[in-house]
Amino acid sequence: QVQLVESGGGLVQAGGSLRLSCAASGRTFSVYAMGWFRQAPGKEREFVAAVRWSGSSTYYADSLKGRFTISRDNAKNTVYLQMNSLKPEDTAVYYCAASETRVSAREREYDYWGQGTQVTVSS
């Protein structure tokens with residue numbers, strides 16, 4: 001089992017920045033990739049970004065490229081999501097997820113999920 005705990009969410013004004021963290025514990029040696037997803041009120045959960053646990057490959061939702069950056073610190077077993085130029089439509093619960101098999105934008109490829117952290121962007 002892998003446990004994931006997100007932190008760093010909160011309330012920010014439009015145009016501001018936030019950095020989310022996701023700390024992994026447990027069988028982290030089994031993790032192949034980490035991803036961030038988000039779910040806005042009344043909408044389905046959507047892919048945000050993903051990164052391989054080893055190597056430098058990163059992947060983003062096309063609509064978020066240039067504003068969001070995913071990174072990882074293997075020594076700390078932590079993945080980050082730097083979010084800049086935030087917009088009210090970025091308001092959502094942000095979830096961290098871990099996959100033991102592949103990098104993917106699809107939820108079903110992820111084996112473990114965090115509890116989520118709320119991000120609210122005011123206009």
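Just one of the numbered conditions (1) more than 17 Å from TYR110 (Cβ to Cβ); (2) over 14 Å from the mean Cα position of the chain (by Cα) is not true of GLY9; which one?
(2)
Filtering the range 29-58 down to residues that are outside any strand (DSSP E or B) and either among the aliphatic types (A, V, I, L, M) or open to solvent by less than 20 Å² (accessible area, probe 1.4 Å) (or both), which residue is modelled with the lowest pLDDT?
Step one: of the range 29-58, the residues outside any strand (DSSP E or B) are 29-32, 40-45, 53-57.
Imposing the further condition that a residue be either among the aliphatic types (A, V, I, L, M) or open to solvent by less than 20 Å² (accessible area, probe 1.4 Å) (or both) reduces the set to 31, 40.
Working: VAL31: 93, ALA40: 97.
By that ranking, first place goes to VAL31.
So, in the range 59-68, exactly how many residues are assigned to a strand (DSSP E or B) and either surrounded by fewer than 17 Cβ atoms within 10 Å (Cβ to Cβ) or over 14 Å from the mean Cα position of the chain (by Cα) (or both)?
Summing the residues that are assigned to a strand (DSSP E or B) and either surrounded by fewer than 17 Cβ atoms within 10 Å (Cβ to Cβ) or over 14 Å from the mean Cα position of the chain (by Cα) (or both) in the range 59-68 gives 1.
Write out, first by first residue and then by second, each pair whose Cβ atoms fall under 9 Å of each other, whose residues are 6+ apart or on separate chains, and whose first residue, in the range 4-15, is part of a strand (DSSP E or B) and of a type outside the set (S, T, N, Q) while the second is at pLDDT 95 or above and open to solvent by 60 Å² or more (accessible area, probe 1.4 Å).
Going by the 9 Å Cβ cut-off, the qualifying pairs are LEU4/TRP113; LEU4/GLN115; VAL5/GLN115; GLU6/GLN115; GLY10/GLN118; LEU11/GLN118.
Among the residues of the range 69-123, write down those that are closer than 14 Å to ALA23 by Cβ and in contact with a helix residue (DSSP H, G or I) (Cβ under 7 Å, 6 or more places away or on another chain).
Answer for the range 69-123, where residues must be closer than 14 Å to ALA23 by Cβ and in contact with a helix residue (DSSP H, G or I) (Cβ under 7 Å, 6 or more places away or on another chain): just ASN77.
Enumerate the pairs (first residue in the range 104-123 and open to solvent by 20 Å² or more (accessible area, probe 1.4 Å); second residue anywhere and of a type in the set (A, V, I, L, M, F, W, C) and assigned to a loop (DSSP other than H, G, I, E, B)) with beta-carbon separation below 6 Å, excluding pairs fewer than 6 apart on the same chain, so at least 6 apart or on different chains.
Filtered contacts from the range 104-123: SER123/ALA14.
The values are calculated or read from the model by the stated rules, or taken from the named source; none is laboratory data. A quick note: this is a predicted structure, and the numbers were derived from the prediction, not measured. A quick note on method: Cβ atoms are made from the backbone with ideal geometry, for glycine too, and the neighbour counts reach across all protein chains shown. Heavy atoms of the whole protein, side chains included, go into the accessibility calculation; ligands, DNA and RNA do not. Shrake-Rupley method; radii C 1.70, N 1.55, O 1.52, S 1.80 Å.
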